[in-house]
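Please read the structure below before turning to the comments.
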Amino acid sequence: MTGPIPDSLISRLLAAERITIFTGAGVSAESGVPTFRGNEGLWKKFKPEELANLTAFMKNPDLVWEWYQARRTIIGSVQPNAGHRALAEMEGLFPACALITQNVDNLHRRAGSRNIFELHGNIERNYCLTCGTRYTGPELPQTGTVPRCSRAGCNGLIRPDVVWFGEMLPEDEWEGAVRASASADVFLSIGTSGAVYPAASLPLMAKQQGAWLVEINPEPTPLTPSADLFLQGLSGEILPAIVRTLNERRDQ
Ligand code: BJW
Ligand code: ZN
């Protein structure tokens, strides 16, 4: 995007009580975390549909585990970017501000956001497929193969606590996200291709309930024709500019 943030957006934000932000892999791209789809997409060798499902894990748990370990290594070595930080700052600028994310990388929390609904889980957590015992990363053996549950007599496979295709989203997170979408005055959809459901239904749900719908993405998506405002560009540039403009206008 070139030029200033449109006045229409700043006026809407200044008048808003409830802001809901919905993010996808694109917000972490400028931190160095690859996205899933598109030319810059993650793991060109595999489609996410081929690895992010229980059947793939049961068939080849070591391969799927290795994929998650490689991603954990990347995520552990990167930092939240200016877009994440701007979203964390926005939490303090409105009477109510909710952040719904499809990302599992924990970068929003590391940037300081607190009111977060994580629709697709969190890569830092794991659990035993057999008995449900929870494991965080560090206590697991760092071998190339999938670890096994250490609970007496279990020996179950340990999987990442993320939502795979065909699995239900965590109920509390989903219900919170639906509430935040339905009650939003302004809804911002940022850095998501809108390809994966039910998450992709939230922006339109918000719009149908009266929200003003804003999309931020370097590329148009299936959501773009429905957006009230499409800001074409990088979230790490546009979001700090929005926060800057908001703060300037509030100080006037
Ligand atoms: C930038 C940028 C920059 C780049 N700044 N932007 C039809 C209707 C409804 C549902 C279905 C359906 N057909 C099939 C389904 C079910 C399925 C589904 O949606 N499939 C689709 C492929 C069609 N959904 C499910 O299975 C879900 N569960 C479910 O429906 O439960 C009910 C059920 C139960 C039993 C049986 C059947 C149904 C679960 C979905 C789980 C998705 N999981 C993943 C993996 C999570 C764990 C992990 O990370 O490994 O979630 S898949 C992957 O995609 C990940 C992401 O969260 C998700 C969304 O991707 P996202 O974030 O949009 O990333 P990209 O890469 O696609 O886009 C990045 C964007 O950023 C691009 O637009 C870039 O342009 C942009 N960008 N740089 C701003 N700097
Ligand atoms: Zn177990």
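The values are calculated or read from the model by the stated rules, or taken from the named source; none is laboratory data. Everything numeric here is computed off the predicted structure, so don't read it as measured data. Here Cβ is always computed from backbone atoms with ideal geometry, including for glycine, and neighbour counts include all displayed protein chains. Surface areas here come from the heavy atoms of the whole protein model, side chains and all, with no ligands, DNA or RNA. Shrake-Rupley method; radii C 1.70, N 1.55, O 1.52, S 1.80 Å.
List of remarks:
- Residues that are in a helix (DSSP H, G or I) and at pLDDT 95 or above, drawn from region 95-137: LEU107, HIS108, ARG109, ARG110, ALA111
- Cβ-Cβ under 7 Å pairs, at least 6 apart or on other chains, region 55-74 side more than 14 Å from LEU157 (Cβ to Cβ), far side in a helix (DSSP H, G or I): TRP67/LEU51; ARG72/GLY137
- The set of residues in region 207-250 that are outside any helix (DSSP H, G or I) and open to solvent by 50 Å² or more (accessible area, probe 1.4 Å) comprises GLN209, GLY210, PRO218, GLU219, PRO220, PRO222, ASP228, PHE230, GLN232, LEU234.
- Where ARG125 falls short, out of the listed (1) among the basic types (Lys, Arg); (2) more than 9 Å from ligand 2 (Cβ to nearest atom); (3) out of contact with any Asp or Glu (no Cβ under 8 Å at 6 or more places or on another chain): (3)
- Any hit, region 156-170, residues being in contact (Cβ under 8 Å) with a residue 12 or more places away in the chain, among the acidic types (Asp, Glu) and under 23 Å from PRO203 (Cβ atoms): yes
- Matching residues in region 94-105 - criterion: being surrounded by fewer than 19 Cβ atoms within 10 Å (Cβ to Cβ) and over 15 Å from ALA177 (Cα atoms): PHE94, PRO95
- Under the condition of being over 15 Å from PRO61 (Cα atoms) and within 8 Å of ligand 2 (Cβ to nearest atom), the residues counted in region 128-149 number 3.
- Scanning region 7-61 for residues that are part of a loop (DSSP other than H, G, I, E, B), at pLDDT below 95 and within 8 Å of ligand 1 (Cβ to nearest atom) turns up PHE36, ARG37, GLY38, GLU40, LEU42, ALA52.
- Residues (within 16 Å of the chain's Cα centre (by Cα) and either farther than 21 Å from THR192 by Cα or crowded, with 19+ Cβ neighbours inside 10 Å (or both)) located in region 72-81: ILE75, PRO80, ASN81
- Pick from region 113-139, criterion polar (S, T, N, Q) and either under 14 Å from the mean Cα position of the chain (by Cα) or within 12 Å of ligand 1 (Cβ to nearest atom) (or both), ranking: surrounded by the fewest Cβ atoms within 10 Å (Cβ to Cβ): ASN115
- Evaluation of THR2 against (1) surrounded by 15 or more Cβ atoms within 10 Å (Cβ to Cβ); (2) modelled with pLDDT under 90 (one fails), failing number: (1)
- Checking each residue in region 153-206 for being open to solvent by 20 Å² or more (accessible area, probe 1.4 Å), part of a loop (DSSP other than H, G, I, E, B), within 7 Å of ligand 1 (Cβ to nearest atom) and over 21 Å from THR133 (Cβ atoms) picks out GLY166, LEU169, SER193, GLY194, ALA195, VAL196, TYR197, PRO198.
- Filtering region 83-121 to residues that are in contact (Cβ under 8 Å) with a residue 40 or more places away in the chain, farther than 18 Å from VAL243 by Cα and charged (D, E, K, R) leaves ASP105, GLU118.
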